[in-house]
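Data first, discussion second: the structure below is written as structure tokens.
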Amino acid sequence: MVVAAQAPVAAEDVWIPSACSMCYGTCSILGHRVDGVLTKIEGNPESVLGKGRLCGKGISGIMTLYDPHRLNKPLRRTNPEKGIGVDPKWEEISWDEALDIVGEKLRHVRQDDPRKLFIQRTTTNTSSRTPWQVFGWAFGTPNSWVAGGGLHCGNGAHLISGIMHASWSVVPDFQYCNYAVYFGASKGHSAGHASCSNMGMAADARARGMHMVVVDPICNFAGAKATEWVPLRVGTDAAIALGMCHTLVHELRLWDSPYLKAKTNGPYLTGPDGRYLRDAATNKPLVWDTQTKSAKPFDAVEPEQMALEGVHTVSGLECPTAFERLKAHLKPLTPEWGESISTVPAATIRRLGQEFGREARIGSTIEVQGRTLPYRPVAAIAFRGAQGHKNSVYNFLAVDLLNELVGSADMVGGCLGFNPSCHGHPETGRPHYIPYADEDGLMITGIWMAPHLPYPMHEPRMPETMSLIDLYPMTMMSPLMASSDQEEMWQRFDLPYRPEVLLNFGCNSLLSVGNAETVAKTLKRIPFIISIDLFITEFSEFADIVLPDCSYMEAHDSRPNFPFIFNLPGGMGEWCWPVKQPVVEAAGERRESSELLVELADRIGIREDLNEGYNVSMRLAAPFRLERDKRYTYREICDMELKSNFGPEHGLEWFKQHGVIKWPKKPEEVYWRHFENVRVPIYWEFLIDTWEQANALAEPRGWHIPREYYSPLPSFLPCVSHEETSEQHDLYAFYYRDAIHTNSFTMENPWLDETAQLDPFSYTAAMHSEAGRRKGLKDGDWVWIESVKGRRIRGRVHLTEAIHPEGLGIAACAGHWTEAQPIAKGKGVFINDLLEVDMEHSSPANLNLDLCVKVGVTRCDGEWS
Amino acid sequence: MALVTIKLFGMLGAMAGTRDLQLELAEPAHLRDALDALEARFGPEFRQRIMRNPRALQTYLRIFVNETEVTDLDTVLQINGLPTEVSLMLLPAAEGG
Ligand code: SF4
């Protein structure tokens with residue numbers, strides 16, 4: 001007799017709602033746990049975040065959770081020598097011992113000078129933002145940076161999206177947009193903010209017939225799905241966008257006059273020095289009242305009565321409006337001029353300008369949920385590719401000017417800053433934030449990822465921070481945290497201290513910043529380094545103590561996608577607040593970093609500061625404010641935040657069961673710009689003072705800040721690579737964000753590695769077939785890629801028609817060498833190793849490090865092949 | 001005289017060397033007066049840290065008067081003789097992504 005084997009019945013079989021952290025998209029997930037083991041990850045269809053869909057990285061999270069190379073115990077280095085490839089000779093120690101060492105170091109530094117603590121963390125794990133920011137505030141250090149996406153990430157995009165759209169980034173209003181132009185952006189087509197949600201919305205928009213133009217040196221994630229791909233010379237986006245603006249203004253005389261009068265500073269009168277003309281009594285900017293034919297404060301005249309154009313005589317002075325200055329500025333910036341810089345034919349630039357203007361349907365309206373609103377179904381968006389350059393600010397601003405000219409900024413069908421206005425849950429009115437105006441009528445964002453707002457900017461002053469952000473107020477991220485000239489700059493500006501302890505969370509700055517040699521030198525100067533991570537990384541080679549972190553599948557967070565300006569799809573639909581919770585028990589001796597920071601705060605003696613920091617950061621309202629001297633776990637803090645926002649019955653336990661809370665968005669929230677009395681600057685008048693003040697501090701110290709980066713109107717300004725003349729270095733290497741990998745973090749994941757190996761682009765350098773033929777290269781050849789500065793990397797070429805003939809596109813941030821990540825080791829092309837990290841290669845406006853580099857490419861010829 | 005309790009959190013407390021202090025201010029006392037008194041005690045660097053320009057506070061400074069966030073330098077600090085606590089916290093932080 002044969003007895004059929006019976007499958008054992010699982011004692012436990014549950015699906016747990018939580019949030020993905022394989023990238024910072026924070027899609028909502030369901031983890032399938034059977035007898036304590038995670039067996040599958042799916043999207044949570046109840047959530048707006050991903051709407052039940054996951055990308056390949058999200059599904060592969062199971063392999064990162066159970067990776068046998070995960071850290072399980074605290075480690076201490078026994079080898080005092082540090083360097084790339086130097087074995088730290090780790091020894092395992094107990095948590096008690098580790099915390100004694102770390103607590104003592106931090107206490108000592110705080111007593112001495114809290115600014116000597118330097119904190120760096122990854123952006124990949126979005127949930128780390130609040131605990132780490134709050135810890136930094138409580139400790140009292142102004143020195144922190146994030147290096148997950150590299151220094152090229154977001155510096156200009158976030159700044160300008162914040163000033164012009166009150167949001168962290170911009171997307172087309174996928175539900176209504178008919179014509180979208182993408183400049184170096186892939187929103188809805190690969191990775192990034194609200195990634196999976198945007199992918200669904202973008203696909204629906206294309207199916208509906210949205211015409212999509214992608215201006216990009218490489219035709220990959222967005223370009224491959226576009227209606228039209230427009231290849232340009234790397235980093236010249238501003239030249240195309242300004243050429244299109246010229247076509248609108250000077251060839252078509254087409255702009256949205258009511259919008260420009262009511263929603264921008266276009267009608268503000270300017271004096272001979274370029275500054276606003278101001279009212280003597282109130283100091284408010286003046287406009288020209290066409291009825292009384294006199295200058296009046298901007299808030300004393302109805303917008304329709306304001307003069308948008310013209311030069312008006314005030315007190316004997318000839319005073320152009322800001323819009324008149326913009327017109328004059330655009331006059332020479334013709335499509336032909338744009339072609340000479342970008343290589344894109346003038347006829348194409350002109351046609352794109354004409355199509356953009358025509359499709360904007362200026363003057364039309366549409367009804368959305370009973371509200372009649374302006375209908376402008378065109379959007380010009382940009383992101384990392386366009387702004388990751390020395391000309392970061394102007395490249396992005398020039399693109400956004402297109403939206404401002406046709407009045408499509410945050411209007412139905414237009415270019416949306418996502419979710420900058422939230423009126424709160426219907427039962428509690430929380431969270432609540434709305435953009436508001438300053439005394440000049442210009443918009444201040446109602447919420448931001450950090451308290452350092454994009455606008456208003458602070459006055460430049462002598463630096464107190466390692467980053468010199470004090471001197472460069474448009475900066476978000478600064479290369480000076482790891483640059484070759486940091487000591488020179490610190491001495492020049494009398495920085496009164498040097499970093500003594502670096503506290504790292506999940507960041508592998510050796511791979512993600514620039515060339516490893518430069519970063520390594522800066523790390524060697526820091527006496528003590530603590531790293532909290534999932535794996536040993538190349539960065540760990542410089543750490544003194546390594547502490548094992550829980551992965552997102554083992555950790556809590558009450559706000560994985562808050563604020564909504566970072567990670568919630570834009571447009572009409574629903575607000576959605578999910579939580580993150582452990583799907584499985586933490587293995588080994590791993591600890592949640594957020595709980596670890598609570599413990600460290602106690603050991604340092606800053607519990608009161610930490611609790612007050614959480615009260616401030618989470619805007620906790622009574623009775624859910626933290627008592628200052630009481631010790632809370634981070635779980636308890638999460639519980640307080642959820643109850644504070646959604647009422648006492650909606651605490652952490654409720655969310656752990658239900659996963660998300662949702663409520664409908666209102667047109668007044670999504671299309672807030674029509675309703676709120678705020679203006680945005682099409683003329684950045686405030687830069688005139690900013691430059692004068694910054695340069696007045698810099699010049700006496702032998703440092704010149706170029707004025708052309710602080711003009712109120714955007715121009716094309718070249719990258720260092722555009723000015724290289726060496727004939728051997730004939731290609732522009734640039735990096736782009738891969739859809740298969742998240743920066744350097746996921747390359748150890750075997751499923752993603754396998755996928756990337758199958759993909760012809762992920763681990764190769766993409767070169768135009770014709771350029772390859774000229775160099776005698778075949779597809780798949782091993783090559784050396786060498787910068788003008790003599791930095792050299794190795795990789796395989798992929799020959800393709802889908803790249804600009806001068807471009808060499810490489811997905812970042814590959815090239816691991818640590819033995820501790822055997823799957824990642826040796827994979828891909830380490831483009832960051834070509835990048836200089838110094839002031840010369842950074843924007844004099846926002847210190848954005850340039851991501852393009854002029855290179856020569858030669859075959860390896862037996863050395864490696 | 002108005003008796004005002006000051007709480008300096010984070011960097012401000014660490015640089016001042018104390019988290020708690022008491023101020024006696026002439027009535028009617030305003031937030032501006034409290035900041036002037038703190039500058040007199042801790043020097044001009046204190047003001048430089050908290051002011052964006054000579055007229056406005058840093059956008060990353062948070063000031064609470066009896067747990068209510070305020071931004072107006074003319075905020076009255078003592079009403080009907082009730083005890084007043086002013087707490088200040090600087091929130092310097094970089095962000096990217
Ligand atoms: S887009 Fe990011 S957050 Fe969403 S499933 Fe993929 S890896 Fe996870």
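The values are calculated or read from the model by the stated rules, or taken from the named source; none is laboratory data. Computed from a predicted structure; not experimentally measured. FYI the Cβ positions are ideal-geometry reconstructions off the backbone, even for glycines, and counts take in every protein chain you see. Just the protein is used for accessible areas: all its heavy atoms, side chains included, with ligands, DNA and RNA removed. Shrake-Rupley method; radii C 1.70, N 1.55, O 1.52, S 1.80 Å.
Near the amide H of residue A:264, within less than 5 Å, lie the amide hydrogens of A:680, all on another chain or at least 5 residues away, with H placed in the peptide plane. For residue A:627 and residue B:76, FRET efficiency with R0 = 25 Å and r from the beta-carbon atoms, rounded to 0.05? Efficiency for this residue pair is about 0.40.
Give me Rg over Rh for chain A, both radii from the alpha carbons and Rh done the Kirkwood way, two decimal places. Rg/Rh for chain A comes to 0.96.
What accessible area per residue comes out for chain A, rounded to a whole number of Å², with a 1.4 Å probe? Numbers along the way, then the final one.
Details: 27670 Å² over 865 residues.
Averaged over the residues of chain A, the accessible area is 32 Å².
Peptide A:137-147 has a mean of 6 when you count, residue by residue, the C-beta atoms of other protein chains within 10 Å of its C-beta.
Over all distinct Cα-Cα pairs of region A:721-864, the Kirkwood formula returns a hydrodynamic radius of 15.6 Å. Residues A:861, A:438, ordered by accessible area of protein heavy atoms at a 1.4 angstrom probe radius and largest first, appear as A:861, A:438. Normalised by 2.2 N^0.38 Å, where N counts its residues, the alpha-carbon radius of gyration of region A:267-320 equals 0.98. Were the residues from residue A:318 through residue A:724 laid out at 0.36 nm apart, the gain over their Cα-Cα distance would be 141.9 nm. Surface composition of region A:267-320: carbon and sulfur atoms hold 50% of the protein heavy-atom accessible area at a 1.4 Å probe.
For region B:2-92, which whole percent of the accessible surface, found with a 1.4 angstrom probe, sits on carbon and sulfur atoms? After summing per-atom areas, the C and S share lands at 49 percent.
In this structure, residue A:300 and residue A:603 have a Cβ-Cβ separation that, at R0 = 51 Å, corresponds to a calculated FRET efficiency of about 0.30. Taking every DSSP bridge with both residues inside region A:764-865, close to 75 percent are antiparallel.
So if a site counts as exposed when it's one of the GluC sites (Glu not before Pro), its DSSP state isn't H, G, I, E or B, and it has at most 13 other Cβ atoms within 10 Å, what's the longest stretch of chain A without one? Mind showing how you got there, number by number?
Details: sites that count: A:12, A:81, A:427, A:439, A:585, A:627, A:649, A:727, A:801, A:819, A:863.
Counting at most 13 other Cβ atoms within 10 Å as exposed, the longest clean stretch of chain A is A:82-426.
Between the alpha-carbon centers of region A:462-489 and region A:197-215, tell me the distance in whole angstrom. Centre-to-centre distance over Cα atoms comes out at 39 Å.
Given 0.36 nm per residue, what is the gain on full extension from residue A:462 to residue A:436 after removing their alpha carbon distance, in nm? Before the final figure, lay out the partial values.
Details: separation 26, 0.36 × 26 = 9.36 nm, distance 2.96 nm.
Going from the current span to full extension adds 6.4 nm.
Near residue A:417: Cβ cut-off under 9 Å, other residues only, Lys/Arg at +1 and Asp/Glu at -1. The net charge is 0. Near residue A:579: Cβ cut-off under 12 Å, other residues only, Lys/Arg at +1 and Asp/Glu at -1. The net charge is 0. Summarising the amide proton neighbourhood of residue A:382: residues at separation of 5 or more, or on other chains, whose placed amide H is nearer than 5 Å comprise A:183. Pairs with C-alpha atoms separated by more than 27 Å, drawn from the list A:390/A:775; A:827/A:854; A:284/A:665; A:775/A:825; A:778/A:827; A:89/A:854, are A:390/A:775; A:284/A:665; A:775/A:825; A:89/A:854.
What the phi angles of region A:541-553 give under the Karplus curve with 6.51, -1.76 and 1.60, with θ = phi - 60°, is a coupling list of 4, 9, 8, 9, 10, 10, 10, x, 9, 7, 7, 4, 7 Hz, glycine and proline written as x. Let me check I've understood the local charge: for residue A:688, count other residues with C-beta under 15 angstrom from its C-beta, Lys and Arg +1, Asp and Glu -1. What total comes out? It works out to a net charge of -3. Helices in chain A that qualify as membrane-span-like (whole DSSP H runs, Cα extent of at least 24 Å along the helix axis, mean Kyte-Doolittle hydropathy of -1.0 or higher) are A:95-112. Helix B:31-42 axis versus longest C-alpha principal axis of chain B: approximately 70°, rounded to the nearest ten.
I'd like the distance between the alpha-carbon centres of region A:267-291 and region A:515-572, rounded to an integer number of Å. That distance is 48 Å.
Compared with the direct C-alpha span, the chain from residue A:10 to residue A:861 gains 300.6 nm at full extension, assuming 0.36 nm per residue. So what is the calculated 222 nm ellipticity per residue for the protein assembly as shown, using -39500 (n - 2.57) for each DSSP H run with n of 4 or more, over all residues, to the nearest 500 deg cm²/dmol? Taken over the protein assembly as shown, the calculation gives -7500 deg cm²/dmol. Here is the interface size for A with B: some 3200 Å² of accessible area buried, both sides summed, with a 1.4 Å probe. Within the full protein context, the accessible area of residue A:606 is estimated at about 0 Å² for a probe radius of 1.4 Å. Backbone phi angles across region B:16-28, fed through the Karplus curve with coefficients 6.51, -1.76 and 1.60 (θ = phi - 60°), yield HN-Hα couplings of 7, x, 8, 9, 10, 7, 10, 10, 10, 10, 5, 8, x Hz in residue order; Gly and Pro are listed as x. Modelled label positions at residue A:358 and residue B:22, each set 7 Å beyond Cα in the direction of Cβ, lie 7.8 nm from each other. Dipole orientation for the protein assembly as shown: of the candidates A:144, A:212, A:638, A:212 has the Cα lying most toward the positive pole (charges on Cβ; Lys, Arg +1; Asp, Glu -1). The mean number of partner chain beta-carbon atoms within 10 angstrom of a residue's beta-carbon across peptide B:85-91 is 4.
Which whole number gives the average, over all residues in A:615-624, of C-beta atoms from other chains lying within 10 Å of the residue C-beta?
On the way: counts 6, 8, 4, 0, 1, 0, 1, 1, 0, 0.
Going residue by residue through A:615-624 and averaging, the value is 2.
Of all DSSP-defined beta bridges confined to the protein assembly as shown, some 60% are antiparallel rather than parallel. With all protein chains in place and a 1.4 Å probe, the accessible surface of region A:721-864 carries 48 percent carbon and sulfur.
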